[in-house]
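Since every read-out is calculated from the coordinates, none of them should be taken as a lab result. It should be emphasised that the depicted structure is a prediction, and the values quoted were computed from it without experimental measurement. So basically every Cβ, Gly included, is an ideal-geometry build from the backbone, and we count neighbours across all protein chains shown.
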Amino acid sequence: MLSRTADNLYWLARYVERAEYLARILEATQRITAMPLAYVGETNEWASAVATAGCSGAFFAAHEEANEETVTEFLAFSTANPSSILNCFEVARSNARAIRTALTVEMWDAINTTWLELKRFGNRPQSRDEFARFLRWVQESSLRFDGSAYRTMLRNDAYWFSRIGVYIERADNTARILDVKYHLLLPEDEHIGGPLDYYQWAGILRSVSALTAYHWVYRESLKPWLVADLLILKDQLPRSLSSCYENLVQNLDRIANAYGRQGPAQRQARAVRTKLQNSRMEEIFGEGLHEFIGGFIADNNRLGEAIRQQYLA
Amino acid sequence: MRIRISHETVYRYDQPAGGVIQTLRLTPRNHVGQFVVDWRIDVSENCELAQHEDAFGNIVHTFNADGPFTELRVLAEGEVETQDTGGVVRGTIERFPESLYLRETPLTRLDPAIAEFARAASAAAGGGALKALHGLLARLHGEMAFDTDPTHPATTAAEAFAMKRGVCQDLTHVFIAAARSLGVPARYIGGHFHRNDGVVAQEAGHAWAEAFVPDLGWVAFDPANGISATDAHVRVAVGLDYLGAAPVRGTRTGGAGEALTVAVQVAQAGRQMQS
């Protein structure tokens, strides 16, 4: 396969995943800001949404204040923000067009239809309700794309590269949520168990579709260290760091087997997977949750770079 | 190196066994230089295979098989990807301070002959724990002959050292006793070794030792081969001695006339090259 094709497949999957993630962040923020102030405290959730999306710099260069209007505009529809939902689908679609023949009809249909329908929202949703419907639609579009890849693609290097794109983006996204919200998850947090924290923790879990999953796994009320445990170390949760790396290792391994050679990307992915498997939550808290997440984001970026050098460039 | 391992233990009983309980330390874990691509354990009788972790961080499976049966097979197999780290073992699960591994056990009891041997090897090697250990490794490999005849699983370090012969387990016990006598924490590693002479079928797993060197961490020494561990070594279980890291331990009711055979196959998998 041409490295160019691999590059398009990889970024196509990454951008679709990123659009979904932005929609999840916005939905969670909308929900938490709908709570009375007494429940959630005097935090600026919209600024924290921008930080979780990783574009605080660009945002505050363009806007003075982070509020519902500016943030939804910036994260969803801004053409100036390269990682807005609008731009994610735009870039995803142009990647897809470049490798139209490497995709199945269903995949192309999913991404192209999404792009066309996006024009319908061109005039911006007029109400909160309409915006909420838009966010749901973004997530459904990503589901449709992901599902058509899963159900229709040949299991060869094209499929594996697109999976790698999904999981490296997903790992990055979950890590970013933890990075912005880590202070809420520290066990020695003073107002432990207050309503403020409950809604924040539930918000974190909702943003990765894990609120129900939490209760299935732990069968108890929300505890911050268990929330961190679920999102970092539990293989069962499809958006946990551990699960993302399980899949990254598997797919990179398949590529290595098919090509008959392996390199830094495989070694880096295995090293991170090993670190996650051999870690326990007490040790992570002992060494500092923030440092651990920071280290993970750096490791994940190193893997992205290794994949780029080895396969995409 | 990608190594494919199959480790089968077969018990045959003249009179049917009424029930068997076993504890298995057959599952390798990941660390820097070793990655388990895929692994499974298969027991020939219907039973629940419960997985947990022992105090050293080894993955342990236990099962309880109800008889009667005249044959029981336990198969562990899978694929492991390894890298040569020059013998330095990093990224392992450490639940205890290193000093715990100075503890003596019945199998690794120090006797004057081993203590004298360790002192001499260390003095000849010059200063530094690492040099002393390499000196010890070379001498032990030279002085003790590999011989499967005279020893058995319960042979102590002192007995094997007196005979100057033994299997990898005995050499490892002597190495551990000697290292501990020098004040160096040392532990027993059970695992597999891929032979580069093309021999795939082996009669048993392999064993070697790890010793703790300040500023470097745990370093693996394989006295049976006279080398530090390479990418041909797959590390499965750790313990203070053989008993702590034994692949299979258990008990049974009935089943007189038990005969045990172990078949291990360690082969290089695929045709993968490093780029």
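Tabulated values for the structure
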{"quantity": "GluC sites (Glu not before Pro), loop per DSSP, at most 10 other Cβ atoms within 10 Å - longest free stretch of chain B", "calculated": "B:49-202"}
{"quantity": "Residue-by-residue Karplus 3J(HN,Hα) for the stretch A:52-64, coefficients 6.51, -1.76, 1.60, Hz, glycine and proline x", "calculated": "5, 6, x, 9, 4, x, 5, 5, 6, 6, 9, 10, 8"}
{"quantity": "Interatomic Cα distance distribution for the stretch A:1-153, bins of 5 angstrom, percent", "calculated": "2, 9, 19, 20, 18, 13, 9, 6, 3, 1, 0, 0"}
{"quantity": "Ranked B:1, B:163, criterion: other C-beta atoms within 10 Å, fewest first", "calculated": "B:163, B:1"}
{"quantity": "Chain B - convex hull of alpha carbons, volume per residue in Å³", "calculated": "131 Å³"}
{"quantity": "Peptide A:260-269 - average C-beta neighbours from other chains (10 Å radius)", "calculated": "3"}
{"quantity": "Estimated 222 nm signal from helices in chain B, with DSSP H stretches of n ≥ 4 weighted -39500 (n - 2.57), rounded to 500", "calculated": "-6000 deg cm²/dmol"}
{"quantity": "Nearby lysines by direct alpha-carbon distance to residue B:164 (threshold 28 angstrom, same-chain neighbours under 8 apart not counted)", "calculated": "B:131"}
{"quantity": "Reach of residue A:181 by Cα under 30 Å, taken over lysines that are not fewer than 8 positions away in the same chain", "calculated": "A:223, A:234, A:275"}
{"quantity": "Karplus 3J(HN,Hα) series, Hz, for the stretch A:219-236 with 6.51 cos²θ - 1.76 cosθ + 1.60 (x for Gly, Pro)", "calculated": "6, 8, 5, 5, 10, x, 5, 6, 4, 5, 4, 5, 6, 9, 9, 7, 4, 5"}
{"quantity": "Long-range HN-HN contacts of residue B:2 with modeled amide H, under 5 Å", "calculated": "B:82, B:269"}
{"quantity": "Cα gyration tensor shape of the stretch A:155-313, rounded if a/c is under 1.5, else prolate or oblate by comparing a/b with b/c", "calculated": "prolate"}
{"quantity": "³J(HN,Hα), Karplus 6.51/-1.76/1.60, whole Hz, each residue of the stretch B:70-86, x for Gly, Pro", "calculated": "9, 8, 9, 10, 10, 10, 10, 8, x, 10, 10, 9, 10, 10, 7, 10, x"}
{"quantity": "With Cα atoms, 0 to 90° folded angle of helix B:129-143 axis to chain B main axis", "calculated": "70 degrees"}
{"quantity": "For the stretch A:76-187: rounded, prolate or oblate by the Cα gyration tensor [a/c cutoff 1.5]", "calculated": "oblate"}
{"quantity": "Distant-in-sequence amide H partners of residue B:32 (H built 1.01 Å from N, under 5 Å)", "calculated": "B:90, B:91, B:92"}
{"quantity": "Ranked packing of A:247-256, A:214-223, most packed first, by mean Cβ within 10 Å", "calculated": "A:247-256, A:214-223"}
